[in-house]
Amino acid sequence: MKTTIRYASTCSLIAGVILLVASLSAAIAASTPTANQPDQEVVNLTAFARLYGMIRWFHPSDEAANADWDALALSGVQQMRAARDSTDLADRLEQFFKPIAPTVRVFLTTAPDLIPEELEMPVSDARLGV
């Protein structure tokens, strides 16, 4: 009888430990981002760094040529880290770069490719060779 009680309590203890480990594993897995889903802050900073580099080295405005790019980098990182989602990030990026690159438009890749009328290339007969 002692053996049966000891065996039953040992089985209960093992089952409890297994349940505890399983529930802790599930909680940890739910709280950490998966390998396929990067943290939003990493996404924000990656997008900022790419756009920063393109505007710094390739945008043809006088404002971009005269900007203090070191100060802009520090300020931009602080502002972009706080973006909650991709829509918020796109808004923040466009507002941040507007004084330096007024023609840059930032939108989600799922959004339609809409170019504002003032930025569209004018069509003329001279360009068509007619």
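Tabulated data for the structure shown
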read-out: Sites matching trypsin sites (Lys or Arg not before Pro) across the stretch 61-112 that sit in DSSP coil, with at most 12 neighbouring C-beta atoms within 10 Å; value: R84
read-out: Cα-based Kirkwood hydrodynamic radius, the stretch 42-81, one decimal, Å; value: 10.5 Å
read-out: Formal net charge of residues neighbouring W69 (Cβ-Cβ distance under 14 Å; K, R +1; D, E -1); value: -2
read-out: Loop chymotrypsin sites (Phe, Trp or Tyr not before Pro), the stretch 79-111, which have at most 15 other Cβ atoms in a 10 Å radius of their Cβ (DSSP); value: F107
read-out: Hull-based mean projected area of the stretch 40-110, where the convex hull spans the alpha carbons, in square nanometres; value: 4.4 nm²
read-out: Residues V42, V104, V77, sorted so that the one with the fewest Cβ neighbours within 10 Å comes first; value: V42, V77, V104
read-out: Extension gain from F58 to D88, taking 0.36 nm per residue of separation minus the Cα-Cα distance; value: 8.3 nm
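Here, each number is a calculation from the coordinates, and none is a lab measurement. Computed from a prediction, not measured in an experiment: that's the story for all the values here. When we count neighbours, we look across all protein chains shown, and the Cβ atoms used for this are built from the backbone with ideal geometry, even at glycine.
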